[in-house]
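A.B. asks: Below is a structure I'd like to ask you about.
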Amino acid sequence: MQLSRLGFFKGDVLNLPADFPGPFGFVFDRGCYHIVREFDVEGYLHTLKRITTTGSIGLFLTGNAKEKGEPGPPVVSEEELRAELGKVFQIVRFARVSI
Ligand SMILES: C[S@@+](CC[C@H](N)C(=O)[O-])C[C@H]1O[C@@H](n2cnc3c(N)ncnc32)[C@H](O)[C@@H]1O
């Protein structure tokens, strides 16, 4: 697969094609992790490991388990996030944000 520096790729984060580029210095996830973790968190972490390298920075926005609501996004607790994403990243900041 050819992907320019500013290109976009649409695909299954749990099943990237063999020729997916990387590693990347920055990973941004808004609302995907908190969905896919519910049925294949190890697959998601496998993808993260594959597309990152030492020094890569990640920014993850998830639903907050302390603000559970209906309707609302899937939620993740700080403990869950640390246990899961902590397998790939050193968690340097955990913060509540409003978007
Ligand atoms: C809550 S939406 C967030 C969309 C967008 N990132 C945003 O912030 O507006 C969750 C997104 O995760 C995508 N998604 C769910 N499972 C996925 C998978 N296995 N691979 C790639 N994307 C997936 C859905 O298609 C959906 O667009």
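A.B. asks: Given the condition over 15 Å from the mean Cα position of the chain (by Cα), at pLDDT below 95 and of a type in the set (A, V, I, L, M, F, W, C), answer yes or no: does some residue in the range 21-38 qualify?
C.D. replies: There is no residue in the range 21-38 that is over 15 Å from the mean Cα position of the chain (by Cα), at pLDDT below 95 and of a type in the set (A, V, I, L, M, F, W, C).
A.B. asks: Going by the conditions given, is LYS87 basic (Lys, Arg) and either within 23 Å of PHE8 (Cβ to Cβ) or surrounded by 14 or more Cβ atoms within 10 Å (Cβ to Cβ) (or both)?
C.D. replies: Considered against the rule, which asks whether it is basic (Lys, Arg) and either within 23 Å of PHE8 (Cβ to Cβ) or surrounded by 14 or more Cβ atoms within 10 Å (Cβ to Cβ) (or both), LYS87 comes out as no.
A.B. asks: If a residue has to be more than 9 Å from the ligand (Cβ to nearest atom) and of a type outside the set (A, V, I, L, M, F, W, C) to count, how many in the range 34-46 make the cut?
C.D. replies: Going through the range 34-46 one residue at a time, the tally reaches 4.
A.B. asks: Being among the basic types (Lys, Arg), loosely packed, with under 13 Cβ neighbours inside 10 Å and within 24 Å of PHE8 (Cα to Cα) narrows it down to one residue among ARG30, ARG93; which is it?
C.D. replies: The conditions single out ARG30.
A.B. asks: Hey, can you tell me all the residues within the range 47-56 that are in contact with a Gly (Cβ under 7 Å, 6 or more places away or on another chain) and within 13 Å of the ligand (Cβ to nearest atom)?
C.D. replies: ILE51
A.B. asks: Still on this structure, please answer the following. Check the range 58-79 and report whether any residue there is among the polar types (S, T, N, Q), surrounded by 11 or more Cβ atoms within 10 Å (Cβ to Cβ), within 12 Å of the ligand (Cβ to nearest atom) and under 21 Å from ILE99 (Cα atoms).
C.D. replies: Yes: one or more hits.
A.B. asks: On the basis of being charged (D, E, K, R) and closer than 20 Å to VAL75 by Cα, does ARG50 make the cut?
C.D. replies: No.
A.B. asks: Right, another one. When the range 19-33 is examined, which residues are found to be in contact with a Ser or Thr (Cβ under 9 Å, 6 or more places away or on another chain) and within 8 Å of the ligand (Cβ to nearest atom)?
C.D. replies: Answer for the range 19-33, where residues must be in contact with a Ser or Thr (Cβ under 9 Å, 6 or more places away or on another chain) and within 8 Å of the ligand (Cβ to nearest atom): ASP29, ARG30, GLY31.
A.B. asks: Could you figure out which of (1) farther than 18 Å from LEU45 by Cβ; (2) under 16 Å from the mean Cα position of the chain (by Cα); (3) of a type in the set (S, T, N, Q) isn't true of SER98?
C.D. replies: Result: SER98 passes all but (2).
The values are calculated or read from the model by the stated rules, or taken from the named source; none is laboratory data. All figures in this text were calculated on a predicted structure; none of them were measured in a lab. Cβ atoms come from the backbone with ideal geometry, glycine included; neighbour counts cover every protein chain shown.
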